[in-house]
Amino acid sequence: MRPILDIQALYKSFGDAEVLKNINLKVGEGEMVFLIGPSGSGKSTLLRCCNRLEEPTSGAIWMDNTNLLAGDTDINRMRQRIGMVFQGFNLYPHMTAEQNVMLALRRVQGKSEAEAREIARRELDRMGLAERFGHYPSQLSGGQQQRVAIARSLALGPRVMLMDEPTSALDPELVGGVLEAMREMKAAGMTMLVVSHEMRFAREAADRVAFMQAGEIVEYGTPAELLAREGGRARAFLGGEH
Amino acid sequence: MNALIEQFFNLEVMAQAFPFLLKGLGVTILLTLLLTPLGLALGLALALGSSARHRGLRRAVRIWVNGFRGLPPLVLIIIVYSALPFLGLRTPPLMAVVIALWLNSSAYYCEILRAGLGSVPAGQMEAARATGLGRAQALRDVVLPQAVRNVLPDLASNTIELVKGTSLASIIGVSELLHMASNARSVVYNASPITLAALMYLAFLLPSVRLTGWLERRRRGA
Ligand SMILES: Nc1ncnc2c1ncn2[C@@H]1O[C@H](COP(=O)(O)OP(=O)(O)OP(=O)(O)O)[C@@H](O)[C@H]1O
Ligand SMILES: [Mg+2]
């Protein structure tokens with residue numbers, strides 16, 4: 001499988017603290033890869049390096065023959081193809097759901113108002129939010145907000161989605177709707193790199209799982225492989241109730 | 001008691017002085033209309049400079065802003081007015097006042113906008129950047145509208161302070177409201193024009209003061 005995202009020898013330090021150490025990871029087309037591991041192991045940092053919200057210290061991240069970390073890479077252009085979904089949704093509170101989705105379509109992709117609106121409505125519709133176009137984030141439930149955020153990313157036509165604990169901030173009864181949206185994205189062939197503590201979902205939906213500890217990927221494989229590995233730390237982690 | 005009324009509330013004198021004071025109010029309004037956008041623009045630039053990546057620039061901006069916050073505006077007006085001719089600039093008093101109050105008000109607008117920018121969660125900028133918006137675009141469309149909304153009452157208060165501050169221009173002979181009123185007073189040996197000027201300031205500013213109160217209540221409610 002051709003990798004869409006190919007992370008090579010990636011290091012990241014904050015001051016003296018080395019937070020990522022020699023990370024190597026390939027995410028193939030249409031694959032759903034989960035990053036799991038204890039708190040502080042570097043999962044979010046790794047994800048944020050993939051669209052350069054954090055600047056890695058060294059290494060390479062290849063996406064479709066472009067090294068995202070190269071000095072001459074137009075990162076704003078690449079970011080349209082790398083969707084990101086945050087734990088706290090980060091919707092723009094002063095804009096309606098529709099305007100949230102339209103902003104980058106208009107400003108970055110230069111689409112007309114009408115075209116942007118059409119795309120926004122289609123993506124929101126796909127997320128089951130047809131009745132919510134004109135709602136402000138404060139008028140939506142957490143689950144709905146996260147689905148607006150997903151629509152905002154998908155509208156730009158990304159090749160890969162980075163998702164950092166997309167369900168952690170949600171009330172338990174709202175988690176299902178977001179997981180369902182992720183299943184549908186996967187079924188539609190979207191490539192996804194997901195940080196999550198939803199271990200049941202990871203066991204069911206992940207193609208590959210990378211288990212991180214202290215800034216390194218210490219175990220990597222299919223959920224079945226990790227669960228079968230005697231004495232592995234990932235096994236205890238992945239087998240957990242959640 | 002009668003003497004007091006005669007000295008401060010002489011309607012005849014007020015009626016005579018009214019056309020002059022109206023001209024003065026015009027200059028006060030002109031100064032306001034000029035200084036508010038200028039002050040906001042420079043204040044925003046300084047607020048952004050306060051969080052610039054370049055350390056030297058950041059320092060310089062902080063020294064600049066603190067300096068102009070620390071100087072009494074009247075002192076600043078006199079310094080600018082008396083210093084400019086030495087720089088070979090023949091500037092009318094109005095110009096000197098605009099420069100001095102611009103330096104003063106922008107420093108305060110800067111502090112307010114800085115607080116506003118700081119009140120917007122970092123995740124807003126990140127979400128915008130993650131969809132490919134440049135820093136300037138993200139600021140304009142995502143961060144600034146929220147920042148301004150969060151400090152709107154303070155911006156309004158500062159603008160009111162600015163309007164009141166324009167009365168200092170009378171000291172160097174700018175024909176704004178207070179200056180016209182004191183001129184009238186010294187002509188008629190009666191303080192009623194000053195009373196009238198006070199009423200005109202109130203008429204001009206009271207709606208804004210009430211608006212500020214309303215904005216403040218709305219912010220607390222939100
Ligand atoms: N901006 C930063 N400056 C300094 N240190 C940071 C910064 N961001 C993260 N770190 C540190 O890097 C390490 C990894 O953090 P990271 O957020 O990537 O962990 P995580 O695996 O996502 O944890 P969690 O499961 O709690 O979200 C932590 O020790 C954290 O304190
Ligand atoms: Mg994290």
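A few notes on this one:
- Once the Cβ-Cβ distance of B:ARG62 and A:SER141 is raised to the sixth power relative to R0 = 41 Å, the FRET efficiency obtained is 0.45.
- Given charges at Cβ of Lys, Arg, Asp, Glu: the protein assembly as shown dipole, positive-most of A:LEU227, B:LEU87, B:LEU33: B:LEU87
- Within the listed set A:ALA188, A:ALA155, A:ALA224, the residue fluctuating most in the Gaussian network model of chain A (springs between alpha-carbon atoms under 10 angstrom) is A:ALA188.
- By definition, a body whose alpha carbon gyration tensor gives a ≥ b ≥ c is prolate when a/c is 1.5 or more and a/b is larger than b/c, and the protein assembly as shown fits this prolate description.
- For the range B:84-222, the gyration tensor built on C-alpha atoms gives an oblate shape. Its axis ratio a/c (a ≥ b ≥ c) is at least 1.5, and a/b is not larger than b/c.
- Alpha-carbon centroids, the range A:24-48 and the range B:66-125: separation in whole Å: 50
- Note on B:LYS164: lysines with a C-alpha under 22 Å away, same-chain residues under 8 apart excluded, are B:LYS23.
- Per-residue accessible area (protein heavy atoms, 1.4 Å probe) orders B:GLU111, A:GLU31, A:GLU131, B:GLU6 as A:GLU131, B:GLU6, B:GLU111, A:GLU31, starting from the largest.
- Whether chain A is rounded, prolate or oblate, judged on the alpha carbon gyration tensor where a/c under 1.5 counts as rounded: oblate
- Working note: 222 nm ellipticity from helices only, DSSP H runs with n ≥ 4, each -39,500 (n - 2.57), summed and divided by the residues of chain B, gives -26500 deg cm²/dmol to the nearest 500.
- Computed FRET value (nearest 0.05) for A:GLU180 with A:ALA228, which takes r as the C-beta separation and R₀ as 25 Å: 0.35
- DSSP bridge pairs, chain A: antiparallel proportion in percent, nearest 5: 55
- Mean residue ellipticity at 222 nm, helices only, chain A: -10000 deg cm²/dmol; runs of at least 4 DSSP H residues each add -39,500 (n - 2.57), and the sum is divided by the number of residues.
- Chains A and B together, accessible area buried on both sides, 1.4 angstrom probe, square angstrom: 1600
- Cross-link partners for A:LYS43 among the lysines, with Cα-Cα distance under 25 Å and sequence neighbours closer than 8 places in the same chain left out: A:LYS12, A:LYS21, A:LYS26, A:LYS186.
- Separation between Cα centres of the range B:10-40 and the range A:170-242, rounded to whole Å: 70
- Qualifying GluC sites (Glu not before Pro) in the range A:165-242, where qualification requires a DSSP coil assignment and no more than 13 other C-beta atoms within 10 Å, comprise A:GLU230, A:GLU241.
- Sites listed here are trypsin sites (Lys or Arg not before Pro) in the range B:67-121 whose DSSP assignment is loop and whose Cβ has at most 13 other Cβ atoms within 10 Å: B:ARG90.
- Of the beta bridges in the protein assembly as shown, as assigned by DSSP with both residues counted there, near 55 percent are antiparallel.
- Computed from label points 7 Å out along Cα-Cβ, the spacing between B:ARG69 and A:ASN22 is 5.0 nm.
- For the range B:20-66, applying the loop criterion from DSSP together with a ceiling of 12 other beta carbons within 10 Å to the trypsin sites (Lys or Arg not before Pro) yields B:ARG53.
- Under 20 Å from a label point set 7 Å out along the Cα-to-Cβ vector of B:ARG53, the amide N atoms of the range A:51-75 belong to A:51-61, A:67-75.
The values are calculated or read from the model by the stated rules, or taken from the named source; none is laboratory data. Quick caveat: nothing in here was measured; it's all calculated off a predicted structure. Heads up, the Cβs are rebuilt from the backbone with ideal geometry, glycines too, and the neighbour counts pull from every protein chain shown. Just the protein is used for accessible areas: all its heavy atoms, side chains included, with ligands, DNA and RNA removed. Shrake-Rupley method; radii C 1.70, N 1.55, O 1.52, S 1.80 Å.
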